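So the structure is just underneath, and the comments pick up after that.
The values are calculated or read from the model by the stated rules, or taken from the named source; none is laboratory data. Note that the structure is predicted; figures quoted are calculated from it, not measured. Neighbour counts are summed over all protein chains in view; Cβ atoms, including those assigned to glycine, are modelled from backbone coordinates with ideal geometry. Surface areas here come from the heavy atoms of the whole protein model, side chains and all, with no ligands, DNA or RNA. Shrake-Rupley method; radii C 1.70, N 1.55, O 1.52, S 1.80 Å.
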Amino acid sequence: RPWGELLRTLNKQSSNVYSRLLYLQLGLAQAADNPELPTRALADRAVRQWLAARRIDAPGLVLDNGSGLSRAERITPRALAQVLQAAHQGRWAPELQMSLPIAGVDGTLRRSRAKGATAHLKTGSLRDVAGVAGYVLGASGRRHVLVAIVNHPNANASRPAFDALVEWAARDL
């Protein structure tokens, strides 16, 4: 399927299965040259090569299944913000942005209460973890990268704070 179509399903509906398959596909691209390594290890290598090519330092990065639906996976908010900045400058930036749920409009952000914000964001949650990351268009016309991650037993209570952060970014404060 076309890249943009796959991303739309993956991000708007938060498909962990598609995310994992996309991650493993990165490894398949290198499998012919490295038949001794499992696809997961090759996918990990492909991601790290992409990061290194863009000089993104991701200390402590742990990739497990590629979907984020893992207690083992780790990335710092700063590294994730750098990934989003690099992706925004990349060739597939329009497809990526179009695939992200729009605050208060569709996908996993349909019920977002961020008023007056034009935001394309991906949410994520596990027990004791909640996060949001993506792009917010400010009143000035400037696009901001936004990343927020909460690790706490009451992490789901952070949704109103995420909405307030999106509104703050939209006002260019």
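Here are the numbers for this structure:
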| read-out | value |
| --- | --- |
| Excluding exposed DSSP-loop GluC sites (Glu not before Pro) (at most 16 other C-beta within 10 Å), longest clean stretch of the chain | 74-173 |
| 12 Å beta-carbon shell around Val129, net charge (K/R +1, D/E -1) | +1 |
| Per residue solvent-accessible surface (Å²) - the chain, probe of 1.4 Å | 58 |
| Excluding exposed DSSP-loop trypsin sites (Lys or Arg not before Pro) (at most 16 other C-beta within 10 Å), longest clean stretch of the chain | 1-53 |
| Computed helical MRE - 222 nm, the chain, DSSP H runs ≥ 4 contributing -39500 (n - 2.57), nearest 500 | -13000 deg cm²/dmol |
| Kirkwood-based Rg to Rh ratio, region 17-58, C-alpha trace | 1.01 |
| Extension reserve of the Arg127-Leu28 stretch, reckoned as 0.36 nm per residue once the Cα distance is removed | 32.5 nm |
| Rounded percent of accessible protein surface that carbon and sulfur make up, region 70-109, 1.4 Å probe | 58 |
| Simple spin-label estimate for Arg78 and Ala148 in nanometres, 7 Å along Cα-Cβ | 2.1 |
| Residues of region 111-143 with amide N under 14 Å of a point placed 7 Å along Cα→Cβ from Asn156 | 124-131 |
| Region 8-138: proportion of alpha-carbon pairs further apart than 24 angstrom, % | 31 |
